[in-house]
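Single-structure report; data block below.
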Amino acid sequence: MSAQAELEIVSPGAFASIQDGGRRGHRRIGVPWAGVLDRRLMRIANALAGRDEDAPVIECFDGGLHLVAHGGAVKLAVAGDAAVEVEGADGRRALAPWRSVTLAEGEALRIRRMAGGRIAMVAVAGLFAPQVLGSASTYVRAGLGGADGCGRALAAGVRLALAEADASGSDRVLTPPPPADASPIRLVPGPQADHFSAAALQVLVGGDYRVTAEADRMGIRLEGARLEHAGAAEIVSDATVPGSIQVPGAGQPIVLLADAQTAGGYPKIATVITADLGRLAALRPGQSLRFATVTAAEGARIARAAEAETRALIAAIRPLPADGIDLVALYSGNLVDGVVHALGTEWRPLY
Amino acid sequence: MCPGSHASSPVSLRVLDAGDAALTIEFGSVIDPALLAAVNALDAAIARVRQAGALPGVIETMPTFRSLTVFFDPLATERDTLLAALQPLIDAAAHGIPVDGRHWRLPVCYEGEAAPDLAEVAGALGMSEAEVVALHSGTEYLVYMLGFLPGFPFMGDLPERLRLPRRSQPRVRVPAGSVAIATGLTAIYPWESPGGWHLLGRCPVPLFDARRAAPSLLAAGDKVRFTPVSTDECRALEAAVRSGQADPMQWLDASPTGANSTENAA
């Protein structure tokens, strides 16, 4: 009987959970979509590891995730702005993110810290989790999804049994990595624009808002210029959507994310567009952001452009060359002015 | 868009964008059975046409007290195309009729630590705790909608004399099973969660089970009455629920009858 590979969670870091694209169709009974906070990162990680784009991944926050392979080789891939380290029999070596790696039995992978956004996705070949209401996504409050279907975040000591997966074949890399985007977070005004003073929307887009410590998978509380209500600071409860910006009486906005309640009684001044939710969710407490308005039609256009970008990124994934030169490490290393691969196609003569 | 010639109809229709991937069709701004009927009629109509293959790109709909939110995939459809397809359904829905659901009698313990706000509520309303319990358990409530948490029912209407605004300081942790009131509504928290309503009692009935085909025990349109039980009885029921020996259907009082029942809807 062949050994079954397992991935041990030595530490989940600040927080880690199994997520996929989310569970659709049950908001009417109070079940939010859950799912990854950034679909692009999930899809890239899965593509790097040779998985289906919507396959379950480990979504983690900040540094500290520590994984060890048992019972066989384990292939995984990290997507996100992470400083990654692999530890084996011959010591530790730094690894660039945005590539897959195959851990030999007993080898460990650590995410030391995250430089830019605080969210990374780790795709693991052979990772499976039972479907609950159509998805493996973890929703802790109601005990849905996750490794055993009971809705628990990943805890130290958990061992994930991996299905038989092809851990052979060259590793893959996305190079260059996706550029960072610090432009304003775009939002569509409403649906309760009429519950706010005429100036409130201008205030919302007119200055910085800071991410407070109360920021998690349910939502992000922001701190900044007060948003004035026109009349009552409550509405008859209606539906929330991911990206809804609720404003309770105190006038400070809360942006709702994947695990947020599906209905609410606070007026919503605006909704963050789908394409910008991932990078908003990746902001860490203390960081500031600015908002900018777009129409719903523009938001949809941006969503389509973002999808095209994601497909282009996935199409740009290449096998890591057998010569062992890790171009990503070279590109991202802090060398003089940069490094070019003289034999790369982008440097071929145009004629 | 004027829905029709019913001068007494409280419907004031608005279509609102909730970002780039959802539309909210709002029939009004208050809790009113006529508005709820319109919401549910539109919801049922959308379900019917989707089943027949129409409205590609729609992911799901969320019915609430007085609006229906339609979630769609902006990569699969355009907002204006979707709205044009919805318009005839919206026009028809403004004349919806209320549907009947199942009738439930749910046990509630109004004693001791199951009822942390009972004394305060009684004081604020100028009545005895026994009166509060009698008023709360003596009323039949309509389940207007579910939401907020899995299986969480928004029910109403509370008798006028029991109405209070939400607590000025919400609790960080409301125990699972808490029966609560605020404004004109009553609700049950199926899960531990933050909450700003006043807690009058504890209900041991599990309102959500992901293993069931219909995971939520209650549905919009159901009717609920509360039956006071003692602390000992409540504990016994909680134990039975924990050991898997309590069938929630034992608290079903009646199934809907007649052509307007939810079971007969498409």
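Out of all the residues in segment B:136-149, is one or more surrounded by fewer than 22 Cβ atoms within 10 Å (Cβ to Cβ), among the aliphatic types (A, V, I, L, M) and closer than 30 Å to B:Gln245 by Cβ? Yes, that holds for at least one residue.
Considering segment A:251-296, the residues that are part of a loop (DSSP other than H, G, I, E, B), more than 13 Å from chain B (Cβ to nearest Cβ) and of a type in the set (S, T, N, Q) include one that is nearest to A:Ala199 (Cα to Cα), namely A:Gln252. Filtering segment A:102-134 to residues that are within 24 Å of A:Leu280 (Cα to Cα) and not in a loop (DSSP other than H, G, I, E, B) leaves A:Ile111, A:Arg112, A:Arg113, A:Met114, A:Ile119, A:Ala120, A:Met121, A:Val122, A:Ala123.
Every condition in (1) surrounded by fewer than 24 Cβ atoms within 10 Å (Cβ to Cβ); (2) without any contact (Cβ under 8 Å) to a residue 60 or more places away in the chain; (3) within 11 Å of the chain's Cα centre (by Cα) holds for A:Asp52 except the one numbered (3). The number of residues in segment B:112-128 being closer than 22 Å to B:Gly177 by Cβ and without any contact (Cβ under 8 Å) to a residue 12 or more places away in the chain comes to 3. Condition (residue is within 14 Å of another protein chain (Cβ to nearest Cβ), in contact (Cβ under 8 Å) with a residue 60 or more places away in the chain and in contact with an Asp or Glu (Cβ under 8 Å, 6 or more places away or on another chain)) applied to segment B:94-111: is it met by at least one residue? Yes, that holds for at least one residue.
For segment B:78-104, name all the residues that are over 23 Å from B:Leu35 (Cβ atoms) and surrounded by 18 or more Cβ atoms within 10 Å (Cβ to Cβ).
The answer is B:Arg79, B:Trp104.
When the residues of segment B:74-92 are filtered to those that are in contact (Cβ under 8 Å) with a residue 12 or more places away in the chain, within 14 Å of another protein chain (Cβ to nearest Cβ) and in a helix (DSSP H, G or I), the one that is nearest to B:Ala21 (Cα to Cα) is B:Arg79. Suppose the filter is farther than 26 Å from B:Pro153 by Cβ, part of a loop (DSSP other than H, G, I, E, B), more than 10 Å from chain A (Cβ to nearest Cβ) and touching a helix residue (DSSP H, G or I) at 6+ places or on another chain (Cβ under 9 Å); does B:Leu55 pass it? Yes, satisfied. Of the residues examined, A:Asp276 is one that is acidic (Asp, Glu), on the phi < 0 side of the Ramachandran plot and modelled with pLDDT of 95 or more. Can you confirm whether A:Thr138 is surrounded by 19 or more Cβ atoms within 10 Å (Cβ to Cβ) and over 26 Å from A:Glu8 (Cα atoms)? When the stated conditions are applied, A:Thr138 does not pass them.
Of these, A:Ala270, A:Ala303, which one is surrounded by fewer than 24 Cβ atoms within 10 Å (Cβ to Cβ) and at pLDDT 95 or above? Criteria check complete, one pass: A:Ala303.
When the residues of segment A:197-247 are filtered to those that are within 12 Å of chain B (Cβ to nearest Cβ) and over 27 Å from the mean Cα position of the chain (by Cα), which remaining residue is surrounded by the fewest Cβ atoms within 10 Å (Cβ to Cβ)? Only one residue tops the list, namely A:Ala232. Scanning segment A:19-37 for residues that are crowded, with 24+ Cβ neighbours inside 10 Å and touching a residue at least 40 places away in the same chain (Cβ under 8 Å) yields A:Gln19, A:Asp20, A:Arg27, A:Gly30, A:Val31, A:Pro32, A:Trp33, A:Ala34, A:Gly35, A:Val36, A:Leu37. Only one of B:Ala236, B:Ala187 is within 14 Å of chain A (Cβ to nearest Cβ) and either more than 23 Å from A:Gly265 (Cα to Cα) or not charged (D, E, K, R) (or both); which? Answer to the check: B:Ala187.
Looking only at residues in segment A:106-135 that are within 13 Å of chain B (Cβ to nearest Cβ) and buried (at least 17 other Cβ atoms within 10 Å of the Cβ), the one that is nearest to A:Ala16 (Cα to Cα) is A:Ser135. Within segment B:17-43, being out of contact with any Pro (no Cβ under 9 Å at 6 or more places or on another chain) and either without any contact (Cβ under 8 Å) to a residue 24 or more places away in the chain or assigned to a helix (DSSP H, G or I) (or both) holds for one residue alone: B:Ala41. Apart from one condition, B:Gly221 fits all of (1) in contact with a Pro (Cβ under 9 Å, 6 or more places away or on another chain); (2) closer than 30 Å to A:Gly149 by Cα; the exception is (2). Every condition in (1) under 25 Å from A:Glu234 (Cα atoms); (2) among the aromatic types (Phe, Trp, Tyr); (3) in contact with a helix residue (DSSP H, G or I) (Cβ under 8 Å, 6 or more places away or on another chain) is met by B:Phe226 except one, and the failing one is (1).
Evaluated against (1) surrounded by 18 or more Cβ atoms within 10 Å (Cβ to Cβ); (2) assigned to a helix (DSSP H, G or I), B:Gly123 falls short on exactly one condition, (1). Against the list (1) surrounded by 20 or more Cβ atoms within 10 Å (Cβ to Cβ); (2) within 12 Å of chain A (Cβ to nearest Cβ), the condition B:Ser168 fails is (1). Among the residues making up segment B:150-165, those that are within 10 Å of chain A (Cβ to nearest Cβ) and either crowded, with 21+ Cβ neighbours inside 10 Å or closer than 17 Å to B:Ile188 by Cβ (or both) are B:Pro150, B:Gly151, B:Phe152, B:Pro153, B:Phe154. Of all residues in segment B:246-266, those that are modelled with pLDDT of 60 or more, touching a strand residue (DSSP E or B) at 6+ places or on another chain (Cβ under 8 Å) and assigned to a helix (DSSP H, G or I) total 1. Counting only strands (runs of 3 or more DSSP E) wholly contained in segment A:139-241, the ones carrying 1 or more residues that are touching a Gly at 6+ places or on another chain (Cβ under 8 Å) and hydrophobic (A, V, I, L, M, F, W, C) occupy A:185-189, A:209-215. For beta carbons closer than 7 Å, sequence separation of 6+ or different chains, a first residue in segment A:297-308 that is under 19 Å from A:Pro179 (Cβ atoms) and facing another protein chain (nearest Cβ under 7 Å) and a second that is assigned to a helix (DSSP H, G or I) and not small (Gly, Ala, Ser), the qualifying pairs are A:Ala303/A:Thr274.
The values are calculated or read from the model by the stated rules, or taken from the named source; none is laboratory data. Owing to the predicted nature of the structure, the values given are computational and were not obtained by experimental measurement. Heads up, the Cβs are rebuilt from the backbone with ideal geometry, glycines too, and the neighbour counts pull from every protein chain shown.
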